[in-house]
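First the structure, in the form of structure tokens, and then the observations on it.
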Amino acid sequence: RIITNRDAGDLIDALKSKSYGVTIIDAHGATGCVKIIFTVIKRKDTDDVVGMIKHFNSKAFFSIEEVRTTSEGVFPSCKPRFDFLGRLRLNRPGK
């Protein structure tokens, strides 16, 4: 969750360019109008996303929460891993 009172367009575009799903809400905070940006990312991508937040808006408030279960949503596609053993099994004679 990212909360910012600055224009968040560049940050939102950067998150979308990396295929992170984002949900944006216009809200009103203690200091005026803010945008709340929600995104669900894999733990391994935390440093990348925090780096983007700090690059585009070093004063943004963000919090990281653990999500145990998700349903649907937009997530970056996983690169298929090369399955060396699986390829050997395909060429196995017999069976």
List pairs: first in region 35-56 and within 15 Å of ILE24 (Cα to Cα) and at pLDDT 95 or above, second part of a helix (DSSP H, G or I) and open to solvent by less than 30 Å² (accessible area, probe 1.4 Å), Cβ under 7 Å, 6+ apart or cross-chain? ILE37/ILE12; ILE53/LEU11
Mind counting the residues in region 74-95 that are modelled with pLDDT of 60 or more and surrounded by 10 or more Cβ atoms within 10 Å (Cβ to Cβ)? 3
I'm trying to understand the selection: among the residues of region 19-69, which are open to solvent by 100 Å² or more (accessible area, probe 1.4 Å) and part of a loop (DSSP other than H, G, I, E, B)? ALA30, THR31, LYS59, ILE64, GLU65, GLU66, ARG68, THR69
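The values are calculated or read from the model by the stated rules, or taken from the named source; none is laboratory data. Here the structure is a predicted model, which is why all the values come from computation and not from measurement. Because the Cβ atoms are built from the backbone with ideal geometry, glycine has one as well, and the counts that use them run over all protein chains shown. Keep in mind that these areas ignore ligands, DNA and RNA; they rest on the heavy atoms of the full protein, side chains included. Shrake-Rupley method; radii C 1.70, N 1.55, O 1.52, S 1.80 Å.
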